[in-house]
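What follows is a single structure, written as structure tokens, with notes after it.
The values are calculated or read from the model by the stated rules, or taken from the named source; none is laboratory data. Please read these numbers as outputs of a predicted model, since none were measured by experiment. We place every Cβ from the backbone using ideal geometry, glycine too, and count neighbours over all the protein chains shown. Each accessible area value is taken on the protein alone, full model and side chains, heavy atoms only, with ligands, DNA and RNA left out. Shrake-Rupley method; radii C 1.70, N 1.55, O 1.52, S 1.80 Å.
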Number of protein chains: 2
Amino acid sequence: MSKQALLIIADGMGDNPISLLNGLTPLEYARTPNLKELASKGLFGNVYPVKPGVPVGTDVGHLAIFGYDPYEVYTGRGPIEAYGAGIDLLPSDIAFRGNFATVDDELTVIDRRAGRINQNTDELANAIDGIVLSNGARVIARALSAHRVAVVIRGQNLSEHISTTDPGTAKEGERVQQSAALVEDKNALETAKIINELTEKMYSVLSLHPVNQQRILDGLPPANMILLRGIGREIQAPKMAESFGIRGACVAGDRTVLGIARMAGLDVFHQEGFTAGYDTDYIGKAELAVSKLKEGYDWVVLHVKAPDLAGHDCQPMTKVSTAIKLDMMVGHILQQIDLEQCYIGYTSDHSTPCDRRDHSGDPVPTFFAGGNVRSLPVEDFGEKFLVHGALNNLTAIDFFHIQMDHLEAVRKLGA
Amino acid sequence: MSKQALLIIADGMGDNPISLLNGLTPLEYARTPNLKELASKGLFGNVYPVKPGVPVGTDVGHLAIFGYDPYEVYTGRGPIEAYGAGIDLLPSDIAFRGNFATVDDELTVIDRRAGRINQNTDELANAIDGIVLSNGARVIARALSAHRVAVVIRGQNLSEHISTTDPGTAKEGERVQQSAALVEDKNALETAKIINELTEKMYSVLSLHPVNQQRILDGLPPANMILLRGIGREIQAPKMAESFGIRGACVAGDRTVLGIARMAGLDVFHQEGFTAGYDTDYIGKAELAVSKLKEGYDWVVLHVKAPDLAGHDCQPMTKVSTAIKLDMMVGHILQQIDLEQCYIGYTSDHSTPCDRRDHSGDPVPTFFAGGNVRSLPVEDFGEKFLVHGALNNLTAIDFFHIQMDHLEAVRKLGA
């Protein structure tokens, strides 16, 4: 494979016209000369994450960007969090996404995120990790960012057909939910039983933990429970990097994205300054991505979370600034790579329109430039300027295959 | 759900260039300033009913507009006519679309539509309704518009794998067809037998009926038979309105459309002046649709049949006039709703090109305007002016999801 490609993912960047921005979207409003220049050198359009009008989560959006059909492979968020935490799942495991939470001594949920705890969660997760349950199953727990924690149960005859323990946002003030079998099945009954046993054990272990004793002294809510949700099993899908015979790298701060990249067979790279927040180190990411290209990776994925946060927070001007910073990052990258040798792609996992404060089913601005790909002029960069492009109305899975094909990594169908 | 949407369906409006109209389509030729204005405020394009190059019937086209995949749910026209007639089907029922017809005493078909009978068909249907057949099954019959009638057989062990009794247009002058089993199956044999029994009974009952005695005296062909076709079973599909958690209303004159809307879980509204003809009450429909929006319905569908009739009749200038009337109706609506609060969508169930006098597989002009949807300029309204839009080449099912997503009614896939 002679050529390489860099794919930049601007999480949640797609948006709709905003009156505060003179009826433009943040991407249309922001001055982004590098993105415009690249779009005009390549294929472009607004691409649907999965299907027109279907909003997707970050997990599903990234599965599609990495070439997976979420309708085939998605089994819940739990396994993806486990991948993000660096846990290699076995087919017999069940995996959850967990929240550190605060409960009272009757297990009533006081705070679903334990005051958005952001310190010492590794120690708390370690206290849970390795617990052995009455059926012989073992608990694996790894802290993720903030109050998030990946929990895997490893044992025999575990069932994913059980209800989980998180009462959900609407039901704060209720007790930690009892897990129950969702099917009439011995394994489901037994699995629900050990999950309820785990709830009791977690409370015993965590409420006495020195980290929580100190939190109480400091007037902070103790993280004395882990609420479990998003149950799923190992995603039974081939590693895309292997299927296409490419060596891939992912540079990101977001654990979910790193988890999916790992599942797809990419090597994942994360540094201290990659915060998955507004303050993330754009230039550090660019440098690391470029160094991975120089090391010979065929496909390097660079992910920036900030635009999505601005959408959820309904901050159009902040979203504009994420676009400008991203464009400057692209300018920095362009100084160091040769577009004849390395394609640059750009997309998002979904739109997060500011006025919705959540993901929408709108398509996302996307391009693939460099080498000798077909090109058309663009007037500027942003949603409305890309509608006439060759990629318009394709899907993220299509876009993945188009990139792989330009890397000559797609096997010919037929002879 | 804070916002609302109105969807206007111009049945069969899509067309091809016509020399009589200076090489324009009826929609391009007609002066339609309101449609143009709305298109320029939203997403637009030519949308395929189901697939490129596949012509569809009114029933299938509307199933897709209401979000159903016709390849999954369509089981024949019979059940849809039953829904239109207000019959709640049971899973064990078989349903037919029927024609009142004129036969001689050897059951030879003289007129497949009994002189397009248009009066007293309720009385004739009542005479058939309630007939009990030799296997204990009961007949349900409800008159529809003109010569049309819905016929349902309710009983046990009924099979849909039988031939039906209508000899078809090409075979006028032949006998009412004998129903026969299409599979080697006891239930199919028995069902064919009772359908043939029903043919005999219908002739006995209808030929002696006072309505027909009077028709003969008046020199009109008696409606002394019901020809059966379009056999099918209950459509096993969720009600879309429930699936998406919306309150929907459908304002229409056409029974088939009302039937599908009812099946989709919409409340249906029909008034005397809604004729499903050229003379339908456009302004009455507009008023009723607006009143349903004011009552708080989330999604109101307004259907106009006339453009399709003009296509079938090969009347380009008449079709132009239906477009102008429809545009005036839209102008009337625009005076009463706030586009910030209520989106307006426009589409057709299929194209009915005048020169074909039948439905074609061409895509149909479509838009979705209002709120802060992404928009692009349009030069004018009509097929050729919409090709560069964001909806171009999507399908009616995509369009349904896009509308539902803007109502924030589509569940997020993933987390």
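Couple of notes before you dig in:
- When region B:92-111 is limited to residues that are open to solvent by 10 Å² or more (accessible area, probe 1.4 Å) and charged (D, E, K, R), the one that is nearest to B:Ile162 (Cα to Cα) turns out to be B:Arg97.
- Number of the exception - B:Leu90 against (1) outside the structural domain of B:Lys201 (by the TED database); (2) more than 30 Å from B:Glu172 (Cβ to Cβ); (3) touching a strand residue (DSSP E or B) at 6+ places or on another chain (Cβ under 9 Å): (1)
- Residue match in region A:183-201 (condition: in a helix (DSSP H, G or I) and over 27 Å from A:Gly136 (Cα atoms)): no
- Region A:18-47, residues that are within 9 Å of chain B (Cβ to nearest Cβ) and either crowded, with 23+ Cβ neighbours inside 10 Å or in contact (Cβ under 8 Å) with a residue 12 or more places away in the chain (or both): A:Ile18, A:Thr25, A:Asn46
- Residue within region A:213-230 that is of a type in the set (Gly, Ala, Ser) and closer than 20 Å to A:Gly84 by Cβ present: yes
- Residues of region A:307-338 classified as open to solvent by less than 10 Å² (accessible area, probe 1.4 Å) and hydrophobic (A, V, I, L, M, F, W, C), total: 7
- Take the conditions (1) crowded, with 18+ Cβ neighbours inside 10 Å; (2) facing chain A (nearest Cβ under 10 Å); B:Ser360 misses just one of them, which is (2).
- Sole residue being in contact with a Gly (Cβ under 9 Å, 6 or more places away or on another chain), farther than 29 Å from A:Ala237 by Cα and more than 14 Å from every other protein chain (Cβ to nearest Cβ), chosen from A:Leu124, A:Leu133: A:Leu133
- Failed item in (1) of a type in the set (Phe, Trp, Tyr); (2) closer than 21 Å to A:Tyr282 by Cα; (3) under 15 Å from the mean Cα position of the chain (by Cα), with A:Tyr83 passing the rest: (2)
- Restricting A:Arg116, A:Arg77 to residues that are within 10 Å of chain B (Cβ to nearest Cβ), modelled with pLDDT under 95 and open to solvent by 20 Å² or more (accessible area, probe 1.4 Å) narrows the list to A:Arg77.
- Among the residues of region A:221-260, those that are in a strand (DSSP E or B) and open to solvent by 20 Å² or more (accessible area, probe 1.4 Å) comprise A:Arg229, A:Gly230, A:Ile231.
- Failed item, numbered, when A:Phe368 is tested on (1) open to solvent by 40 Å² or more (accessible area, probe 1.4 Å); (2) in contact with a strand residue (DSSP E or B) (Cβ under 8 Å, 6 or more places away or on another chain); (3) of a type in the set (A, V, I, L, M, F, W, C): (1)
- Scanning region B:390-399 for residues that are more than 7 Å from chain A (Cβ to nearest Cβ), buried (at least 23 other Cβ atoms within 10 Å of the Cβ) and assigned to a loop (DSSP other than H, G, I, E, B) yields a count of 1.
Okay, residues lined up against (1) within 13 Å of chain B (Cβ to nearest Cβ); (2) over 30 Å from B:Asn46 (Cα atoms); (3) at pLDDT 95 or above:
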position	(1), (2), (3)
A:Pro307	no, yes, yes
A:Met317	no, yes, yes
A:Ser321	no, yes, yes
A:Gln335	no, yes, yes
A:Ile344	no, yes, yes
A:Gly370	no, yes, yes
A:Phe385	yes, no, yes
A:His401	no, no, yes
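- Scope region A:346-357; condition touching a helix residue (DSSP H, G or I) at 6+ places or on another chain (Cβ under 6 Å) and either surrounded by fewer than 20 Cβ atoms within 10 Å (Cβ to Cβ) or within 11 Å of chain B (Cβ to nearest Cβ) (or both); matching residues: A:Asp349, A:His350, A:Cys354, A:Arg357
- All conditions but one from (1) facing another protein chain (nearest Cβ under 7 Å); (2) part of a loop (DSSP other than H, G, I, E, B); (3) buried (at least 22 other Cβ atoms within 10 Å of the Cβ) apply to B:Ala415; the one that does not is (3).
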